[in-house]
Amino acid sequence: MITGRQVRAARALLNWTQERLAEQALVALTALKRLESERGLGVHEGTTDQVRRALEAAGILFIESGQGRGVMFLHETSGNETRQARVRRVRSPT
C-alpha cells in the first residue's frame, strides 16, 4: 500500500498539482487530499489503487524496503502513453 508521503513525492517529481493527479487518476480531489494528508485520513482502497496506477503510468516507481519507502522517476513519458504501451514498445523488435 502506498502512503500519502509517497504520493506527494511522486507529484513533486512529475511537477503535478493535486488537481492534475486527481484528473489523471479519475478520483475526486477531496479523496486525493485525504490520501495525501499527514493525519492519515482513510480513503477507499480503489482510490489508492487508481492514484498508484496513474502515477506508475507517468513513470513513477514505488519503492519499499527494510530501510523505508520512497519513489523513483523512471523516465518521462508522453501524457497519453500508458504502461502497457511502453512495455509493448520495449518488447518490439528493432
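Observations on the structure shown:
- Candidate set from region 62-79 (those that are of a type outside the set (V, I, T) and under 11 Å from I2 (Cβ atoms)); member that is least open to solvent (accessible area, probe 1.4 Å): G70
- Within region 5-21, residues that are within 14 Å of R53 (Cα to Cα) and small (G, A, S) have Cβ atoms under 8 Å from residues that are assigned to a helix (DSSP H, G or I) and at pLDDT 95 or above in these pairs: A10/L55, counting only partners at least 6 apart in sequence or on another chain.
- Residue satisfying all of: in region 4-36; of a type in the set (V, I, T) and either in contact with a helix residue (DSSP H, G or I) (Cβ under 6 Å, 6 or more places away or on another chain) or closer than 20 Å to R69 by Cβ (or both); least open to solvent (accessible area, probe 1.4 Å) among these: V7
The values are calculated or read from the model by the stated rules, or taken from the named source; none is laboratory data. Given the structure is predicted, the values throughout are model-derived calculations rather than measurements. Heads up, the Cβs are rebuilt from the backbone with ideal geometry, glycines too, and the neighbour counts pull from every protein chain shown. Note: accessible area is taken over every heavy atom of the protein model, side chains too, but ligands, DNA and RNA are not part of it. Shrake-Rupley method; radii C 1.70, N 1.55, O 1.52, S 1.80 Å.
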